[in-house]
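S.K.: Let me begin by handing over the structure; questions about it come next.
The values are calculated or read from the model by the stated rules, or taken from the named source; none is laboratory data. Not measured: the values here are computed from a predicted model. Every residue, glycine among them, receives a Cβ derived from its backbone with ideal geometry; neighbour counts consider all protein chains shown. When the accessible area is computed, the model is the full protein with side chains, heavy atoms only, and any ligands, DNA or RNA have been set aside. Shrake-Rupley method; radii C 1.70, N 1.55, O 1.52, S 1.80 Å.
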Amino acid sequence: MGFLLSKGMEQNFQKQQEFMLLNARLQLERQLAMQNQMRERQMAMQLAWSREFLKYFGSFFGLATLGLTVGAVKKRKPALLAPVVPLSFILVYQMDAAYGTMLQRMRAEAESIMVSECERLDVPHGMPTFESIEKSRRAKAHLTTLTEK
């Protein structure tokens, strides 16, 4: 009789473990999907910011170039066109960030770094562990209880 009861309990326990494993996997998949959506939204906001900045900077660049060109022609001083050179580099950079292939090149470089220079990505003192987090939490909890007294 005891054998039949324990056999049924073991099967029940096995089913419960499988359910818990499935539930944990589903929760992890949802967290990963949520984190990816948040990452995509942040990247979209950065790209939108670059495009908006480009509109304003492009207008400034056009007006500055026009003004400097008119001043250089009127005063016959070609040196007045010197600021156009660094401003054009900034304009091209912003255009590449907003509409060009900069993100693809950055992604490729990041992948290359992850493959060939992974040691540069190590976290100082290594990855946090449960024990290190608990030790820090307990130390801070101990400090707050001392200050409350």
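S.K.: For M127 and N23, FRET efficiency with R0 = 30 Å and r from the beta-carbon atoms, rounded to 0.05? Can you show the working numbers first?
M.R.: On the way: r = 25 Å, r/R0 = 0.85.
It comes out at approximately 0.75.
S.K.: Continuing with the same structure: Determine the gain in length on full extension of the stretch C118-V73; use 0.36 nm per residue of separation and subtract their C-alpha separation, reporting nm with one decimal.
M.R.: Contour length minus Cα-Cα distance gives 10.8 nm.
S.K.: Here's another thing I want to ask about it. What accessible area per residue comes out for the stretch 21-146, rounded to a whole number of Å², with a 1.4 Å probe? Mind dumping the intermediate values first?
M.R.: Working: 10780 Å² over 126 residues.
Result: 86 Å² of accessible area for each residue.
S.K.: Okay, next question. Determine the share of the stretch 1-142's accessible area contributed by carbon and sulfur atoms, expressed in whole percent, with a 1.4 angstrom probe.
M.R.: Values: 8320 of 12650 Å².
Carbon with sulfur: 66 percent of the solvent-accessible area.
S.K.: I'd like the Karplus ³J(HN,Hα) series for the stretch 82-96: coefficients 6.51, -1.76, 1.60, θ = phi - 60°, whole numbers in Hz, and an x wherever there's a Gly or Pro.
M.R.: Working through the residues one at a time gives 4, x, 5, 5, x, 5, 5, 5, 5, 4, 5, 4, 5, 5, 5 Hz.
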